[in-house]
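What follows is a short report on a single structure.
No lab work stands behind these numbers, since they all come straight from the coordinates. Since the structure is predicted, the reported quantities are computational estimates derived from the model, not experimental observations. Cβ: placed from backbone, ideal geometry, glycine included. Neighbour counts: every protein chain shown.
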Amino acid sequence: MIPIKKLGWHGPGHLQSSLRRRIWPLLAVLAITVIYVATVAPGHASLPDDFAGYVMHAANLSEGRPYIDIHYVFNPDAISLAPAHGYPPIYPMILAPVYKMSGLNLRPLKIITVLCFAVFMIAFSRLFEETIPQWAIAVLIFLLGLNIAFWEHRDYLMSEFPYLMFSFCALLVAEKAYKTLDPRSWRVSDALLLSLLLYATYGTLEVQTAKPLPDRCSNFHSILHFLAEHINRVA
């Protein structure tokens, strides 16, 4: 029989302790998510207009039509405007079940996109948890959530929020795996999970993933150490 701790479950006491330890960042994530969900508009701005392609892809997936059949007239003289064969599939796959239930009601589609941002904020807070105090992580979450770029983006059906979710979850898995890396053991489950997250990242916003992950990790770790140094000085 496999010991229950091998499966990652340490009992309800461990879960309660973990929640208590992370209560302030989690409350910050919850507050930002509630504010975002409560304030999303029912329609959509005409620009950025990529949202129409994502919604049509989601409709095709939910209704059994060919994925690339979005009636986009490709302009060979302006190839940078939109991909000839449509957009990457992961974000439309997230939208498709919601579209199946709500149709062209854009508000539920925006809400599921906002929930992707909530998962990103949780992964972001986990990356900081051993470096700076919990109250400082909560402050960072509020600064992120109230940043004007993210605030405006809550009303767009765009793939940036899912991209942040998958890429930061990949960074989190890589961070946790490398901390306990043992060259004598096989970490198949970590490797499979990281591979899946990296594929999902690329399949959400492929242009942004052209830069190799090691470079991104290196840059992100530099930012982490810089912030940790200054916050710990203040604390």
I'm checking my understanding of the structure. Among residues of segment 169-206 that are exposed (fewer than 15 other Cβ atoms within 10 Å of the Cβ) and assigned to a loop (DSSP other than H, G, I, E, B), which one is farthest from the chain's Cα centre (by Cα)? Arg184
Helices (runs of 4 or more DSSP H) contained in segment 85-164 and holding at least 2 residues out of contact with any His (no Cβ under 9 Å at 6 or more places or on another chain), over 24 Å from Tyr199 (Cα atoms) and of a type outside the set (A, V, I, L, M, F, W, C): 90-102, 106-128, 134-145
Of (1) within 25 Å of the chain's Cα centre (by Cα); (2) among the β-branched types (Val, Ile, Thr); (3) exposed (fewer than 12 other Cβ atoms within 10 Å of the Cβ), Val73 fails just (1)
Being among the aromatic types (Phe, Trp, Tyr), touching a residue at least 60 places away in the same chain (Cβ under 8 Å) and over 30 Å from His57 (Cα atoms) narrows Phe142, Phe166 down to just Phe142
From Tyr67, Tyr36, which residue is under 30 Å from Val173 (Cβ atoms), assigned to a helix (DSSP H, G or I) and hydroxyl-bearing (Ser, Thr, Tyr)? Tyr36
When the residues of segment 116-163 are narrowed to those that are crowded, with 19+ Cβ neighbours inside 10 Å and polar (S, T, N, Q), which ends up farthest from Ile35 (Cα to Cα)? Ser159
Name the residues in segment 39-96 that are hydrophobic (A, V, I, L, M, F, W, C) and either closer than 22 Å to Ser167 by Cα or in contact (Cβ under 8 Å) with a residue 40 or more places away in the chain (or both), would you? Val40, Ala41, Ala45, Phe51, Val55, Ala58, Ala59, Ile90, Met93, Ile94, Leu95, Ala96
Which condition from (1) among the charged types (D, E, K, R); (2) touching a residue at least 60 places away in the same chain (Cβ under 8 Å); (3) under 20 Å from Pro42 (Cβ atoms) is the one that Glu129 breaks? (3)
